[in-house]
1. Mind listing the long-range amide H neighbours of A:PHE56? Cut-off is under 5 Å, sequence gap 5 or more, other chains count too, H placed in the peptide plane at 1.01 Å from N.
2. Residues of region B:72-105 losing 50 Å² or more of accessible area relative to the isolated chain, 1.4 Å probe, heavy atoms only?
3. Given a cut-off of 24 Å, what percent of all Cα-Cα pairs of region A:111-246 lie beyond it?
4. Taking all protein chains in place and a 1.4 Å probe, what share, in percent, of the accessible surface of chain A do carbon and sulfur account for?
5. Given R₀ = 25 Å, FRET efficiency for A:ILE305-A:VAL264 by Cβ-Cβ distance, to 0.05?
6. Using a probe radius of 1.4 Å on heavy atoms only, what accessible surface per residue do you get for region B:13-139? Whole Å² is fine.
7. Less than 16 Å from a label point 7 Å out along the Cα-to-Cβ axis of A:ARG8: which backbone N atoms in region A:52-95 qualify, by residue?
8. Under a 1.4 angstrom probe, counting protein chains only, how are B:LEU231, B:LEU154 ranked by accessible area, largest first?
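The values are calculated or read from the model by the stated rules, or taken from the named source; none is laboratory data. Computed from a prediction, not measured in an experiment: that's the story for all the values here. Positions of Cβ are generated from backbone atoms using ideal geometry, with glycine treated the same way; all protein chains shown enter the neighbour counts. Heads up: the accessible areas ignore ligands, DNA and RNA and are worked out on the full protein's heavy atoms, side chains in. Shrake-Rupley method; radii C 1.70, N 1.55, O 1.52, S 1.80 Å.
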Amino acid sequence: MIPVIETRHLSKEYKISIKQPGVKGVLRSFFKKEYRSVHAVKDLTIQINKGELVGFLGPNGAGKTTTLKLLSGLLYPTSGSLSILGFIPSNRERAFQKKFSMVMGQRTQLWWDLPARETFKLNQKIYEVPDSIYKKWVEELIDLLDLKELVELPVKKLSLGERMKAELCCALIHSPEILLLDEPTLGLDLIMQKKLRSFIQSYNEKTGATILLTSHNMSDVEELCKRVMIIDEGQLLFDGALEKIVHHFAPDKVVTLSTSTPLVKEQLEKMGKIVAMNGKTASIEVPRQAVMSRLQALFSQGTLIDLSIEEMSIEEIIRRAFLKASSLKEIEPRTKESLEPSPEEKPNTSERLLP
Amino acid sequence: MKKYWQVFQISLQQELYYRASFIMDRARSITIVIAFYAFWTALFSDRATLLGFSKSQMLTYVLGMNILRALIFSDKTWEMLREINMGRLSYYLIRPISYIRYCLCRDMADKCMHLVSSVLEVSFALLILNIPFYVPRDFLTVLTFLTASAFAMLLYFLMTYAVGALAFWTAESMGPRFCFELFLEFAAGAFFPLDVLPRSLKTAFELLPFSSLLYFPLNIFLERLDPEALLRGFAIQIFWIGIFFYFTRAIWNKGLQAYCAEGG
């Protein structure tokens, strides 16, 4: 496997000005600007191989976008190093720029008042794509993205979802080897999200391009990415296969049961942590290895009407990952993967953090 | 350089899209022409020369001003300020294109549109109002005038981009830009020839970069300059171009470094 994106101890610190509220605050900051420094990315070391489709997850302000901006060469790192396809992005070499593309969810590179096709043509010239290749490729993209007559309309007439598709098309005119997508599904409805995802996937399979996408939408990652990186407060919390996260941060399964007689709290507490209890129904988090043995007791009582055993939702798991991280700050992010505690002996740190 | 040609074309399309605001802008300059035509015609009703101008020279100054403003004072730097403030500049920085050259092409498209329109307006005014147009006696004058106008364009470009670079540090770059424009119009002689100023003030204004933009090229066209004044004018132009060339480049390099792709 060939690593195409590599960062080593990458850090980025910003200075942002602080404004006090009110007129007084404005006047004060007019004469004396105060700054606060923000550590947007801390000691990030990652390696992404050719053809990988990696999801970059994190809450708002976690440092996802900053990382993408560092990778695209828009920002200079404060310390550490990075290379993409052997180039140093912040040098902004033409040869590098022709090989990658970035789509920023909230921004558009399309000319607002003109049909999207005009910006496609502009990008063709900017990236110096030969006419013969462009003509075939752009029609293929338009077809795949189901854009058709939409590319002939002024961009401002398009809906958010349609615009995002046009945006993607525009970013792919030069068939980039590296594609950075920042929140590509932000603000889109579910159907459009699905369409975009399946397009991203097929682009990845078809061209073998390496794709890194950020999202705080779990479904993006669940459907698309085998590999996930979780980042919070600029630090990498997890890097690995999606299934592994489940074992990592969700040692419990959720057992939901209904019985014919009222449930006794003390009895349920022996099984695991009660999440919800309402007369004859309850949800309990049970350590995954102990699920069967602990359920046996219930079966023998013979009052069981309904039973379901489920994995926690990925959203919940990720949420726990973040919560856990903030309570386990002293542990190095890298070592966490090997730090998997056995469910039985695991102290239930998330307990008090649940709502 | 096909990419920049494409930028020019797409910018032209964009200009055509905003017909209403373009027409408004032209209406503004036509109003200025009519106002000054009426003003100077009234003043020349009982005299042959004023401030060293003959009537035909003064009216040609007014008409020439319309054309030169269209050629020199048209630009898309407002757009640039927005792009920097909104972070759209990012998309230019990650593509294999030079943002400055891109801006230049966009400006050129704007200049083309305004120039064509302005030439039509002036021809129309000449026909309708029967204005005595001052025709230079020497063909060399026209060449010198065109050279000075080209320098003026370059200088204006450098000046506006220096002011525009403020957007890298403040979200309120529109204010300074507006002040700059107001002073620029006056100091360049876009309202009145600088000859209306007291002698000492006029000399001072002539040393500023602004007078090089309109007042100086128009004076060449009207053949009001002796060789010495001509040389001095070119020296002033070239001096300021040199200054702004280094200043603008330095401030842009600094600005780009400071640019942190706002938002997100």
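1. A:LEU213, A:THR214, A:SER215, A:MET229
2. B:ARG88, B:TYR91, B:LEU93, B:ILE94, B:ARG95, B:PRO96
3. So the pairs more than 24 Å apart make up 34 percent of the total in region A:111-246.
4. Of all accessible area on chain A, carbon and sulfur atoms account for 54 percent.
5. Taking R0 as 25 Å, the efficiency between A:ILE305 and A:VAL264 is 0.95.
6. Accessible area per residue, region B:13-139: 47 Å².
7. Inside the label zone: A:77-89.
8. Result, largest first: B:LEU231, B:LEU154.
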